[in-house]
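Heads up: the structure comes next, in structure tokens.
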Amino acid sequence: MRPVDVSPFGRLASSVSAHRGRGLIVAAVLLGLGLLPSSAAAQLTGSNTYPNEFYAAGFAPYYDGDFRDAARQFRRAGQSGYVGVNGRWIDSICYYTMLGECLYRVGDLADALAQYDTALQIVVADPQWWSRVEFPAGIQASNSQAPARITWGSSTRSTALGSYPNSFSVMTGRLDALQAFQRGGVVDRAQFRQFDIVEIARCTALAIRRRNEILGPIAIHDPFNAQLVRALGQSGLPANHWATPFVSVPLAMALQGTGESDKAAELLASSLQIGGRFDHPLTGMALIEIGRIKTSQEKWNEAQAAFLEATYSGAAFELPDVVEEGFRGATIVHLIRRAPGVFAPLDPAATWARTRGSRPLQVALPTLAAECALNAGDTRAAGTLLDQAVGQIGRSDLGASMWAGRIAYQRAHLAFRSGNVVAGNAALADAMKYQRSSGLWLFRINLVDTFRRADGISEKVADDLYTDLLRDPTERDWRTDPMETLSVVLTPHPGPYERWFDIVVARREIDRAIDIGDRMKRHRFYSTLPLGGRDLNFRWLVAAPDDALDRESLQFRQKLLLDYSVLVDLTRRITGLEKELDALPVRPADGSPELREQKRILDELAVASTALEAALGDLALRREPSPTVFPPALPLDKVQELLGERQIVWNFIETSSGAYA
């Protein structure tokens, strides 16, 4: 994969670059001849800080959830960014990254990815720009009172806030400009300009981190990540320089993209402070990534602690998106661990966010609390919290964001929990509509399939990625993100299965081809069911005879029945009513006692069946794993064990390219 320039300021950027290039040449010549005052040269070459004031103005609509307005502002900033004779430079990392964030927020993952790629292409093009920065001798402590206003807890880390300049002098141009002019080349006179290198470092780390998030398992196969690792390892900063964390945090994100999680975690941990004393604006992002790594390792205490620490750092540096992601990670850990009640810090944080947080944070916190309340069985509190979240969205672009999808999903959960199957199915359809266009897992499947159809990746890489992305959902999948997982099960995607099948058939890996064909059929079947087969598998776990289940499913059933005894009660009630109904005539005489009894049983059966459907819907939307019970997922050797002496299986697999037997 190569970074693609889909710059929102493309043609205009070219004209700006050409104009500024000519201005630099004229300024250098006239200044060299003593015909231009230095102040005039400063006006021609610009004396503003980069990123510019238009960029700063984009954060007001961004934090208010007006992502389209913010995107327009970041585009405008890009049109006024610094352009040297070689094109855009390091401040454009910020313009592209924040435009990518606006697109990411509304679920436009493909265009967001293109913006992050373009931002990072600048990083690779000039990795040693750090050696041109004129640094102060060190960093002083900040007198900010923001940490004192945090209401949901306090950091357990021995740290203080650092005070960081908004601009640093950075040399642009070439020291050998005169020689270049004499040779007839393009002259870019050496000059110090002001750049906010801390913001540039933050956006570099953010672009890499978000790119990894979008690509998921694809990232490790992307050679561009290795280029990023090499580039960031050549910053030119002296060893042990106080600014090293501004390079090492992005480097750690790049290492995470290449699959070196342990090395990334170690580097992140050593980069949380400047000089072992002061937190910096990248600290919160680094803590979030540590939390994600610890979550993948199922080190729940360490993961939740890292996420919470990220919220403190984000609040201290007035970065509400860091606070938002930190709380999301910490709450997910709370839910995965099945901790009781609502995650305690959410309520005081919501009060704080009403006056100091962003609109996305004001939507996120009650949405997260609502899921906790639903898991605790408090439907009234969950409904109130979801209403609060919807009220905060208003007319903002958050109505097209991930949080709108999450709210719809929790609305569905609330409806099922309250016994309203019709409303539950309608709300779930809204959530799945968002996921089909913006879900990460589905995006990755489609991206890999696009690469494969264009011969952009090898058979081996495609096989590895299809194996990962087309897997049957695991226990971790359901516990980590049931909404994401359910959307993959419910959304038909036969094409990728067929491409995967074709690869193994071409290799004559017959056993694997049979297995993939079985997965293809099972996915086709599950995608036609309202809850993606979750309800079907739970029904089998509750009601199937013991000899129809394997040992693992029987163990899971014991745990399920202990936790959700209502399913047993309703199933027994329905079974009893069906037996009573069977004992009556099919068509009792008009006005007979049997007819009245039949009507009573049918009415009770309808109520019990609706209650069971609602209970299954409630369970299906929870962070509960559901093993594949029916149709059973049997490996070929197990099928062979079950066959008798005179039995054979004739297996048919049909794809768009033909039929196989």
### Message
Would you confirm, using the coordinates I've provided, whether Ala659 is among the aliphatic types (A, V, I, L, M) and part of a strand (DSSP E or B)?
### Response
yes
### Task
Give me the pairs, please: first residue somewhere in the range 595-606 and within 15 Å of Lys579 (Cα to Cα) and of a type in the set (Val, Ile, Thr), second residue anywhere and at pLDDT 95 or above and open to solvent by 60 Å² or more (accessible area, probe 1.4 Å), beta-carbon distance under 7 Å, and either six or more positions apart or on two chains.
none
### Task
Being over 13 Å from Gln392 (Cβ atoms) and among the charged types (D, E, K, R) is the filter here, so list the residues in the range 322-372 that pass it.
Glu325, Arg328, Arg337, Arg338, Asp347, Arg356, Glu371
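Considering only residues of the range 257-281 that are assigned to a loop (DSSP other than H, G, I, E, B) and at negative phi, which is most open to solvent (accessible area, probe 1.4 Å)? Working first, answer last.
Taking the range 257-281 first, the residues assigned to a loop (DSSP other than H, G, I, E, B) are 258-260, 270-272, 275-277, 280-281.
Among the residues that remain, those that are also at negative phi are: 258, 260, 270-272, 277, 280-281.
Working: Thr258: 34, Glu260: 75, Ser270: 84, Ser271: 2, Leu272: 21, Arg277: 143, His280: 0, Pro281: 25 Å².
Here the residue is Arg277.
Just to check your reading of the model, which residue among Leu619, Leu567, Leu577, Leu554 is assigned to a helix (DSSP H, G or I) and closer than 30 Å to Ile514 by Cα? Give the derivation first.
Values: Leu619 fails: closer than 30 Å to Ile514 by Cα; Leu567 fails: closer than 30 Å to Ile514 by Cα; Leu577 fails: closer than 30 Å to Ile514 by Cα.
Result: Leu554 is the single residue among Leu619, Leu567, Leu577, Leu554 that is assigned to a helix (DSSP H, G or I) and closer than 30 Å to Ile514 by Cα.
Taking the condition of being among the hydrophobic types (A, V, I, L, M, F, W, C) and open to solvent by 40 Å² or more (accessible area, probe 1.4 Å), how many residues in the range 227-239 meet it? Before the answer, list the steps.
First pass over the range 227-239, keeping only residues among the hydrophobic types (A, V, I, L, M, F, W, C): 228-229, 231-232, 237, 239.
Filter once more, so that each one left must be open to solvent by 40 Å² or more (accessible area, probe 1.4 Å): 239.
Total satisfying the criteria: 1.
Given the structure, is Phe556 modelled with pLDDT under 90, open to solvent by 20 Å² or more (accessible area, probe 1.4 Å) and within 32 Å of the chain's Cα centre (by Cα)?
Numbers: modelled with pLDDT under 90: yes; open to solvent by 20 Å² or more (accessible area, probe 1.4 Å): yes; within 32 Å of the chain's Cα centre (by Cα): yes.
Against the criterion (modelled with pLDDT under 90, open to solvent by 20 Å² or more (accessible area, probe 1.4 Å) and within 32 Å of the chain's Cα centre (by Cα)), Phe556 qualifies.
Test of understanding: among Pro627, Pro632, which residue is open to solvent by 40 Å² or more (accessible area, probe 1.4 Å) and under 30 Å from Gly424 (Cα atoms)?
One residue alone meets the criteria, Pro632.
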### Summary
When restricted to Gln598, Gln647, the only residue under 29 Å from Asp515 (Cβ atoms), out of contact with any Phe, Trp or Tyr (no Cβ under 8 Å at 6 or more places or on another chain) and at pLDDT 85 or above is Gln647
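Taking the stated definitions as given, is Leu577 in contact with a His (Cβ under 6 Å, 6 or more places away or on another chain), touching a residue at least 12 places away in the same chain (Cβ under 8 Å) and open to solvent by less than 80 Å² (accessible area, probe 1.4 Å)? If you could, list the steps in order and put the result at the bottom.
On the way: in contact with a His (Cβ under 6 Å, 6 or more places away or on another chain): no; touching a residue at least 12 places away in the same chain (Cβ under 8 Å): yes; open to solvent by less than 80 Å² (accessible area, probe 1.4 Å): yes.
No, not satisfied.
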### Message
Looking at the range 374-386 only, could you name the residues that are surrounded by fewer than 23 Cβ atoms within 10 Å (Cβ to Cβ) and under 27 Å from Leu490 (Cα atoms)?
### Response
Asn375, Ala376, Gly377, Thr379, Gly383
#### Entry: Test: Leu562 is of a type in the set (A, V, I, L, M, F, W, C) and open to solvent by 60 Å² or more (accessible area, probe 1.4 Å)
yes
### Query
Quick one: how many residues across the range 282-316 are assigned to a loop (DSSP other than H, G, I, E, B) and either of a type in the set (Lys, Arg) or surrounded by 23 or more Cβ atoms within 10 Å (Cβ to Cβ) (or both)?
2
### Query
Tell me, which residue of the range 30-54 that is more than 47 Å from the chain's Cα centre (by Cα) and surrounded by fewer than 15 Cβ atoms within 10 Å (Cβ to Cβ) is modelled with the highest pLDDT?
Gly32
### Message
Just checking, does the range 352-367 include any residue being of a type in the set (A, V, I, L, M), out of contact with any Asp or Glu (no Cβ under 8 Å at 6 or more places or on another chain) and open to solvent by 10 Å² or more (accessible area, probe 1.4 Å)?
### Response
no
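Can Gln182 be described as under 30 Å from Met285 (Cα atoms), open to solvent by 30 Å² or more (accessible area, probe 1.4 Å), of a type outside the set (Asp, Glu) and modelled with pLDDT under 95? Lay out the reasoning, then the answer.
Details: under 30 Å from Met285 (Cα atoms): no; open to solvent by 30 Å² or more (accessible area, probe 1.4 Å): yes; of a type outside the set (Asp, Glu): yes; modelled with pLDDT under 95: yes.
It is false that Gln182 is under 30 Å from Met285 (Cα atoms), open to solvent by 30 Å² or more (accessible area, probe 1.4 Å), of a type outside the set (Asp, Glu) and modelled with pLDDT under 95.
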### Task
May I ask you to list the residues in the range 466-503 that are under 20 Å from the mean Cα position of the chain (by Cα) and among the polar types (S, T, N, Q)?
Thr474, Thr480, Thr485, Ser487, Thr491
### Message
For the range 346-400, give me every one of the helices (runs of 4 or more DSSP H) that falls completely inside it and has 2 or more residues that are free of Cβ contacts under 8 Å to residues at least 24 places away in the same chain and either over 21 Å from Ala310 (Cβ atoms) or out of contact with any strand residue (DSSP E or B) (no Cβ under 6 Å at 6 or more places or on another chain) (or both).
### Response
346-356, 379-393
### Message
Suppose we filter the range 124-141 for residues that are exposed (fewer than 15 other Cβ atoms within 10 Å of the Cβ) and either more than 31 Å from the chain's Cα centre (by Cα) or at pLDDT below 90 (or both); how many remain?
### Response
7
### Query
Has the range 638-646 got any residue that is surrounded by 15 or more Cβ atoms within 10 Å (Cβ to Cβ) and either of a type in the set (S, T, N, Q) or not in a loop (DSSP other than H, G, I, E, B) (or both)?
no
#### Entry: Matching entry among Ser155, Ser144 (being at pLDDT 90 or above and open to solvent by 30 Å² or more (accessible area, probe 1.4 Å))
Ser155
### Summary
Heads up, the helices (runs of 4 or more DSSP H) in the range 55-113 (entirely inside) with at least 2 residues that are over 26 Å from Gly391 (Cα atoms), open to solvent by less than 10 Å² (accessible area, probe 1.4 Å) and among the polar types (S, T, N, Q) are 92-105
### Task
Give just the number: which of (1) open to solvent by less than 20 Å² (accessible area, probe 1.4 Å); (2) over 33 Å from the mean Cα position of the chain (by Cα); (3) closer than 17 Å to Ala620 by Cα; (4) of a type in the set (A, V, I, L, M, F, W, C) does Ala544 not satisfy?
(3)
### Task
Considering each of Ala614, Ala633 in turn, give the residue that is of a type in the set (Gly, Ala, Ser) and not in a helix (DSSP H, G or I).
Ala633
#### Entry: Test result for Val323, in contact (Cβ under 8 Å) with a residue 12 or more places away in the chain and open to solvent by less than 50 Å² (accessible area, probe 1.4 Å)
yes
### Task
Kindly provide the set of residues from the range 481-533 that are under 23 Å from Ser458 (Cβ atoms), in a helix (DSSP H, G or I), open to solvent by 20 Å² or more (accessible area, probe 1.4 Å) and without any contact (Cβ under 8 Å) to a residue 40 or more places away in the chain, ordered by number.
Ile510, Arg512
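Would you confirm, using the coordinates I've provided, whether Ile214 is open to solvent by 30 Å² or more (accessible area, probe 1.4 Å), within 19 Å of the chain's Cα centre (by Cα) and touching a residue at least 12 places away in the same chain (Cβ under 8 Å)?
Numbers: open to solvent by 30 Å² or more (accessible area, probe 1.4 Å): no; within 19 Å of the chain's Cα centre (by Cα): yes; touching a residue at least 12 places away in the same chain (Cβ under 8 Å): yes.
Here the answer is no, as Ile214 does not meet what is asked.
The values are calculated or read from the model by the stated rules, or taken from the named source; none is laboratory data. Bear in mind the structure is a predicted one, so any value in this text is a computation, not a measurement. For neighbour counting, all protein chains shown are included, and Cβ atoms are generated from backbone atoms with ideal geometry for every residue, glycine included. Surface accessibility is based on the protein's heavy atoms, side chains included, excluding ligands, DNA and RNA. Shrake-Rupley method; radii C 1.70, N 1.55, O 1.52, S 1.80 Å.
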